[in-house]
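Everything on this sheet refers to the single structure shown next.
Just so it is clear, none of the values below were taken in a lab; they were calculated from the coordinates. Just so we're clear, the structure is a prediction, and the values are computed from it rather than from any experiment. Neighbour counts are summed over all protein chains in view; Cβ atoms, including those assigned to glycine, are modelled from backbone coordinates with ideal geometry.
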Amino acid sequence: MIEDFVEIYVGALRFALDDSTWQRLGYPKRPICGELFLRFRPRWKNELESRIMHELIVLFVAMHVAADVCQLEDADDITASEQGVLSLDGWYKNLDYVSETEAVSHLQQSVPKYLAATRDRWPQILVDQFDVTAIPDKKLKERITMGALMLGAEFQALPERLKSLYGGT
């Protein structure tokens, strides 16, 4: 189960870093900018994109935990993993976390929000976690809200598909 969780987390990173995921949220591609350019962008935009990145990872993991493909209790194992991107020193910094421990803690605190809710609430949880009401750009707010609702709706049925794929109950 431990390696399963690490594989799921690496899959979540791929999902969250993929341009097509961000395109579903109304972006032309995943926003990328170095530290130097972050200073010239509005702070709210940097914080929003960080929240989106975090929540995409959480949503992906929550879907797999809901399908009994992995256990959230195994999340600590990503800090000891030498698999793929997790073997890179400081991988968590690229996700705007201060430490590996903060990344794991955020995951362990956030996934239960989805698991405690009925799946038809997942799209709204995603919108709430993105905190779209704080977005001052009206067009961006609308695009992200619509994209988040559609993405959350797509994820509603996936745990059942994953159960059958992985041979779960």
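Over the chain, dividing the summed -39,500 (n - 2.57) contributions of all DSSP H runs of at least 4 residues by the number of residues returns a 222 nm mean residue ellipticity of -19500 deg cm²/dmol.
Dipole magnitude for the chain: computed about the Cα centre from +1 point charges on Lys and Arg Cβ and -1 point charges on Asp and Glu Cβ, it is near 1100 debye. Near Ser20: Cβ cut-off under 13 Å, other residues only, Lys/Arg at +1 and Asp/Glu at -1. The net charge is +1. Hey, if you put +1 on the Cβ of every Lys and Arg and -1 on every Asp and Glu Cβ in the chain, which of His106, Ile8, Met150 ends up farthest toward the positive end of that dipole? In the chain, that residue is Met150. What you get for the stretch 2-62, charging only the Cβ of Lys and Arg (+1) and of Asp and Glu (-1), is a dipole of about 500 debye around the Cα centre. For the pair Gln23 and Ala116, label points projected 7 Å from Cα toward Cβ lie 3.7 nm apart.
The fewest-to-most ranking of Trp22, Trp122, Trp91, Trp44 by surrounding Cβ atoms within 10 Å reads Trp44, Trp91, Trp22, Trp122. Placing unit charges on the Cβ atoms of the charged side chains and taking the dipole of the chain about its Cα centre, the candidate lying farthest along the positive direction among Met63, Leu162, Phe40 is Phe40. Per-peptide packing, taken as the mean over residues of other Cβ atoms within 10 Å, places 68-78, 133-143, 108-118, 50-60 in the sequence 50-60, 68-78, 108-118, 133-143 from highest down. Counted as membrane-span-like here are DSSP H helices of the chain whose alpha-carbon atoms extend 20 Å or more along the helix's own axis and whose Kyte-Doolittle mean is 1.0 or above; these are 2-17.
When Cα Rg over 2.2 N^0.38 Å is calculated for this entry, the matching label among [x] 1.12; [y] 1.77; [z] 1.02 is [z]. Charge tally for Ala117 (other residues, Cβ to Cβ under 15 Å; Lys, Arg +1; Asp, Glu -1): 0. Using a cut-off of 15 Å between beta-carbons, work out the net charge of the residues near Cys33 (Lys and Arg +1, Asp and Glu -1, Cys33 not included). It works out to a net charge of +2.
In this structure, the residue pairs whose Cα-Cα separation is over 28 Å, taken from Lys141/Lys163; Lys93/Lys113; Lys45/Lys163, are Lys141/Lys163; Lys45/Lys163.
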